[in-house]
Amino acid sequence: MDSTGTAGLVNVVDVEATCWAGSRPPGQVSEIIEVGLTVVDLNAGERLARHRILVRPARSAVSTFCTELTGLTQQEVDRGVTFAEACRLLADEHRAGARPWVSWGDYDRHQFTRQCQAARVPYPFGRHHTNAKAVFTGAYGLRKRPGMAQALQIAGLRLEGRHHRGEDDAWNIAALVLHLGERGAWPIAAEHPV
């Protein structure tokens, strides 16, 4: 292991955010309401731990559409931590700044960047991010980038838990990361400026 104790470990992150069936209600913004995180040991080829951080929105409310999609209710997220506290937990307890991290697409990375800037909260992640959707697309020679559930089908893996639940999606994305590793298609993490 390296001096930070992170060799081979990556954080797979998936967020759920407030969303609406139609246009966004006046005065509301899309905010993270759940952070799912699965720790993967690339060297051992296994998922080590799964975590869930519920986040209390400050500038939006959970819509009926959002509850139907994610299963999360306003009452549930009201018991969550603030966004600033969620970022602190990611940095302190999950070594988000030290470990490379992975998401399915760039939505999660961009959502954190936007929300950290808007809330004036320090960005919790380091610069080593891998877009697993792009890696999967390249590894399979696909023309279009598939959604996570479709990628699981292509890979012959089953969806575990509830789709569009951050904790479960991170767990499933982690399975895809390990699958890509087994195929020899997982790259060294790339750097992205934030």
Query raised in the report: Taking the stretch 107-125, which residues are over 14 Å from the mean Cα position of the chain (by Cα) and open to solvent by 10 Å² or more (accessible area, probe 1.4 Å)?
Result: R114, Q115, Q117, A118, A119, R120, V121, P122, Y123
**Report entry** Residue that is most open to solvent (accessible area, probe 1.4 Å), among those in the stretch 68-91 that are under 18 Å from N11 (Cα atoms) and aliphatic (A, V, I, L, M)
**Finding:** A91
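Would you call H179 farther than 13 Å from V15 by Cβ, at pLDDT 95 or above and assigned to a helix (DSSP H, G or I)?
yes
Inside the stretch 20-67, can you point out the residues that are over 25 Å from A98 (Cα atoms) and either touching a strand residue (DSSP E or B) at 6+ places or on another chain (Cβ under 8 Å) or crowded, with 17+ Cβ neighbours inside 10 Å (or both)?
Within the stretch 20-67, the subset over 25 Å from A98 (Cα atoms) is 20-30, 56-67.
Once the filter is applied, which keeps residues that are over 25 Å from A98 (Cα atoms) and either touching a strand residue (DSSP E or B) at 6+ places or on another chain (Cβ under 8 Å) or crowded, with 17+ Cβ neighbours inside 10 Å (or both), the stretch 20-67 yields S30, R56, P57, S60, V62, S63, C66.
The values are calculated or read from the model by the stated rules, or taken from the named source; none is laboratory data. Predicted model, so just to flag it, every value in this text is computed and none were measured. Here the Cβ is made from the backbone with ideal geometry for all residues, glycine too, and neighbour counts use every protein chain on show. When the accessible area is computed, the model is the full protein with side chains, heavy atoms only, and any ligands, DNA or RNA have been set aside. Shrake-Rupley method; radii C 1.70, N 1.55, O 1.52, S 1.80 Å.
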